[in-house]
Each structure stands twice: as structure tokens, then as C-alpha cells.
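See structure below.
The values are calculated or read from the model by the stated rules, or taken from the named source; none is laboratory data. As the structure is a computational prediction, the values presented were derived from the model and not from experiment. Every residue, glycine among them, receives a Cβ derived from its backbone with ideal geometry; neighbour counts consider all protein chains shown.
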């Protein structure tokens, strides 16, 4: 299997594990279970690192096009929003509804943005 495809698949698996661990954290009582919460944070961090490395490796061979640069910047902003909202959720006894909404919607937007980035990097368009 191609190394780039392996990295993309590994990133997808890690992202799914991050989502599953996030759902587990969400269904546990408040305050969050520290074990599940730590696992969720570690999956999120490793997913971010592995995906960043995969995208960097993919762009080395073809160079960055303006649309890819835009999508990468948007994806990074989404990751920052997720880490920030996750941090806010972890320190609050009762999470603010706006922060919770951001933390639930941004993963969908980030998936679209990261998927589009991979599409443009692999399609040659």
C-alpha cells in the first residue's frame, strides 16, 4: 500500500477514535471522567500531528496551490477552535451552551475542510 494512503487511512482511524472517545466523554457525568477525557485529548493531539505530517508529506511532491493553502489554514483554525473549546469545557463545572455547540459543530466543518485538502492534494487539480 502506498505510504501516503496509509497515512491518510491512519489519520481517518485516529479521527474516528477521537470522535468515539469524545462521545464517551460526553455521556459520562459532569465533571468529566478523567481517564476518558485524557484518552480523548491524546487521540485529538495524535490525530492532529499525524494528519499534519501526512498533509505536509503529500504537498512536498506537488507543491501548494492557493486553494490548498486556504483549506489548510481553515483546517488549522478549526483545530485551534476545537482545542480551545475543549479546554473551556474541561475547566467549567457546567459547560456554556455556545462552547458546547462549537465543540460539536466544528468537527464536521473540519472533516469537510481536511477532506477537501486531501482531495485537492491527491487529485492534481
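Observations on the structure shown:
- Residue in the stretch 30-44 that is surrounded by fewer than 16 Cβ atoms within 10 Å (Cβ to Cβ), part of a helix (DSSP H, G or I), in contact (Cβ under 8 Å) with a residue 24 or more places away in the chain and at negative phi present: no
- Residues of the stretch 88-98 satisfying the condition of being closer than 21 Å to residue 45 by Cβ and modelled with pLDDT of 85 or more: 88
- Screening 75, 85 for residues that are over 18 Å from residue 113 (Cα atoms) and either at pLDDT 90 or above or surrounded by 19 or more Cβ atoms within 10 Å (Cβ to Cβ) (or both) leaves exactly one candidate, 85.
- Taking the criterion of being surrounded by 14 or more Cβ atoms within 10 Å (Cβ to Cβ) and part of a helix (DSSP H, G or I), the residues of the stretch 88-111 that qualify are 88, 89, 90, 99, 100, 102, 103, 106, 107, 109, 110, 111.
- Here 111, 47 are screened, and the one residue that is in contact with a helix residue (DSSP H, G or I) (Cβ under 6 Å, 6 or more places away or on another chain), closer than 20 Å to residue 11 by Cβ and modelled with pLDDT of 85 or more is 47.
- Those residues of the stretch 112-125 which are touching a residue at least 60 places away in the same chain (Cβ under 8 Å), loosely packed, with under 15 Cβ neighbours inside 10 Å and part of a helix (DSSP H, G or I), in sequence order: 122
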